[in-house]
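Accompanying notes for the structure given below.
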Amino acid sequence: MRTSIFEHKFFADLIYYLMKPLEFLFWVILYSTERNPENRIAQQYLSVEDRNNLSLKLNKTV
């Protein structure tokens, strides 16, 4: 049985440590460029109808 490279502890840890700075960079860019970053994040978890309602509300406040 062949295992994935991600199943080895060393490689999983290595990838985690490489991705962590990218995560922080993402947060810095998101929070420095977005007016309402929480709304952008929340849209990922909403249905299409809820996203449309949210964008209508946001456009009224802009």
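The values are calculated or read from the model by the stated rules, or taken from the named source; none is laboratory data. Bear in mind that the values here come from a model prediction, so they are computed numbers and not experimental data. All Cβ positions, glycine included, derive from the backbone under ideal geometry; neighbour counts span all protein chains shown.
Determine which member of the set 45, 16 is outside any helix (DSSP H, G or I) and either surrounded by fewer than 11 Cβ atoms within 10 Å (Cβ to Cβ) or not hydroxyl-bearing (Ser, Thr, Tyr) (or both).
Numbers: 16 fails: outside any helix (DSSP H, G or I).
The match here is 45.
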Taking region 25-42 and the residues there that are exposed (fewer than 12 other Cβ atoms within 10 Å of the Cβ) and either within 11 Å of the chain's Cα centre (by Cα) or of a type in the set (A, V, I, L, M) (or both), the one that is modelled with the lowest pLDDT would be 41
Here the residues within region 1-45 that are of a type in the set (Lys, Arg) and more than 21 Å from residue 58 (Cβ to Cβ) are 2, 9, 20
Flagged in region 19-42 as of a type in the set (Lys, Arg) and in a loop (DSSP other than H, G, I, E, B), in numbering order, are 35
